[in-house]
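Chemist: Structure below; questions to follow.
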């Protein structure tokens, strides 16, 4: 078994996560959305930790904080080619837990700090990345920061509005970024050897198997579609039930239809969620005339996911017509199923075995920056057990020893990383 002070590594991770969790838009709960002042404060703190760990630090046009640990013989601060990329995200959902995303950033920093203390370099550089738009909790974008690094940013995202009517491009300027410089954030394929991310599982599989860590095989594909239902407003007391064109009742039927469609496809591990809905005009005594909601549809493979969205669209049209309403769907996020590279999975599994741990394999139902990064380079993920499988919730929890093991596994993985080993 490799020799690491697991408890110390885990305690360091917990202390850093606690410090990050104190940076929030709200005093009584953790909310840190993309390009807010709180995101900027968190990015500054992460950059400070990276510098203290021996990395040169930069921030790109999408506010991704990049810490660079130079390779053997590389001049300090130079852009090494090639580099192993390690990272995750520092944005959160509204009313979040403190481990989702942030653990992967902290783990990368602690791994580099370990090598700094050993005065150890590798034939490759190590870049630690702190992305800012993984959750999509502010703008109608998801993974835009990692997409920019992977050269996949779409200019059509720039006019997208947040809940206060602020477009993404304006928020970028307010943050101190240049929307015209997005292309400069892209990394070349020959610069990146691989991308590896440590993340809490956000599910109950590892806990059920009594395994602290697991190796991810793939990330489920995902749609996010904005659905707008239009009916006719009317007086709540005077419009007879049979004559109503109630957009909310139609929307409610559509939500139930989405649930039914997902339940009909258990073999695809399909899940459908509606977590946000806007009802207009929003008065207790007025029949709603416009309702907007977002459908989040995920599956373990793409063909059934595409078929399910088509069926959902058809059912929505039938429901709307039956109630004298109309409906439109706009799919603004379509992320294909992303497979983790087998050679990187094997590397992570060997690292767990060296720590005397089992190496269970599992699929991620949650989306991650790896889906963007797969367009740039091979990627893999190491999952960390979380209590009850709870995530996107203040009750989210990972134990100190499990986090320490995750950092140790990442250190071991980097020590054994052979970028030429997978070349055919």
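The values are calculated or read from the model by the stated rules, or taken from the named source; none is laboratory data. Quick caveat: nothing in here was measured; it's all calculated off a predicted structure. All Cβ positions, even for glycine, are placed from backbone atoms using ideal geometry, and neighbour counts span all protein chains on display.
Chemist: What helices (runs of 4 or more DSSP H), lying completely within segment 125-229, carry at least 1 residues that are at pLDDT 95 or above and touching a strand residue (DSSP E or B) at 6+ places or on another chain (Cβ under 6 Å)?
Modeler: Working: elements: 144-149, 168-175, 205-209.
Qualifying helices (runs of 4 or more DSSP H): 144-149, 205-209.
Chemist: Considering only segment 325-358, how many residues are within 23 Å of the chain's Cα centre (by Cα), part of a loop (DSSP other than H, G, I, E, B) and within 17 Å of residue 413 (Cα to Cα)?
Modeler: 2
Chemist: Next question. Pairs only if they're at least six apart or on different chains, beta carbon under 7 angstrom, first in segment 137-164 and at positive phi, second assigned to a loop (DSSP other than H, G, I, E, B) and buried (at least 19 other Cβ atoms within 10 Å of the Cβ); list them, first residue then second.
Modeler: 143/133; 143/134; 143/369; 151/376
Chemist: Yes or no: residue 327 surrounded by 18 or more Cβ atoms within 10 Å (Cβ to Cβ), in the same structural domain as residue 244 (by TED's automatic domain parsing) and in contact (Cβ under 8 Å) with a residue 24 or more places away in the chain?
Modeler: Details: surrounded by 18 or more Cβ atoms within 10 Å (Cβ to Cβ): yes; in the same structural domain as residue 244 (by TED's automatic domain parsing): yes; in contact (Cβ under 8 Å) with a residue 24 or more places away in the chain: yes.
So residue 327 fits the description; yes.
Chemist: Here is a further query. Need pairs with beta-carbon distance below 7 Å; first residue more than 27 Å from residue 225 (Cβ to Cβ) and within segment 275-286, second at pLDDT 95 or above and surrounded by 11 or more Cβ atoms within 10 Å (Cβ to Cβ); sequence gap 6+ or separate chains.
Modeler: Once the first residue is more than 27 Å from residue 225 (Cβ to Cβ) and sits in segment 275-286, its partners that are at pLDDT 95 or above and surrounded by 11 or more Cβ atoms within 10 Å (Cβ to Cβ) give 285/236.
Chemist: Any chance you could count how many residues in segment 165-175 are surrounded by fewer than 22 Cβ atoms within 10 Å (Cβ to Cβ) and touching a residue at least 60 places away in the same chain (Cβ under 8 Å)? Give the derivation first.
Modeler: Narrowing segment 165-175 to residues surrounded by fewer than 22 Cβ atoms within 10 Å (Cβ to Cβ): 165-167, 169-170, 172-175.
Pick out the ones that are also touching a residue at least 60 places away in the same chain (Cβ under 8 Å) and you get 172, 174-175.
Selection size over segment 165-175: 3.
Chemist: Are there any pairs with C-beta distances below 9 angstrom linking a residue in segment 246-259 that is in contact (Cβ under 8 Å) with a residue 60 or more places away in the chain and on the phi > 0 side of the Ramachandran plot to a residue that is surrounded by 18 or more Cβ atoms within 10 Å (Cβ to Cβ) and assigned to a helix (DSSP H, G or I), with the two at least 6 apart or on different chains, and if so which?
Modeler: Pairs found: none.
Chemist: For segment 259-272, enumerate the residues that are touching a helix residue (DSSP H, G or I) at 6+ places or on another chain (Cβ under 6 Å) and in a helix (DSSP H, G or I). Working first, answer last.
Modeler: Quick first cut of segment 259-272, residues touching a helix residue (DSSP H, G or I) at 6+ places or on another chain (Cβ under 6 Å) only: 261, 265, 268, 270-272.
Across segment 259-272, the qualifying residues are 261, 268.
Chemist: For residues that are within 28 Å of residue 155 (Cβ to Cβ) and touching a residue at least 60 places away in the same chain (Cβ under 8 Å), tally how many sit in segment 287-324. Before the answer, list the steps.
Modeler: Pass one, segment 287-324, residues within 28 Å of residue 155 (Cβ to Cβ): 292-298, 302, 305-306, 309-310, 313.
Add one more test, that the residue is touching a residue at least 60 places away in the same chain (Cβ under 8 Å), and what stays is 292-298, 302, 305, 309.
Selection size over segment 287-324: 10.
Chemist: Would you point out which residue out of 389, 356 is touching a helix residue (DSSP H, G or I) at 6+ places or on another chain (Cβ under 7 Å), assigned by TED's automatic domain parsing to the domain that holds residue 21, surrounded by fewer than 22 Cβ atoms within 10 Å (Cβ to Cβ) and on the phi > 0 side of the Ramachandran plot?
Modeler: On the way: 356 fails: touching a helix residue (DSSP H, G or I) at 6+ places or on another chain (Cβ under 7 Å).
Of 389, 356, the one residue that is touching a helix residue (DSSP H, G or I) at 6+ places or on another chain (Cβ under 7 Å), assigned by TED's automatic domain parsing to the domain that holds residue 21, surrounded by fewer than 22 Cβ atoms within 10 Å (Cβ to Cβ) and on the phi > 0 side of the Ramachandran plot is 389.
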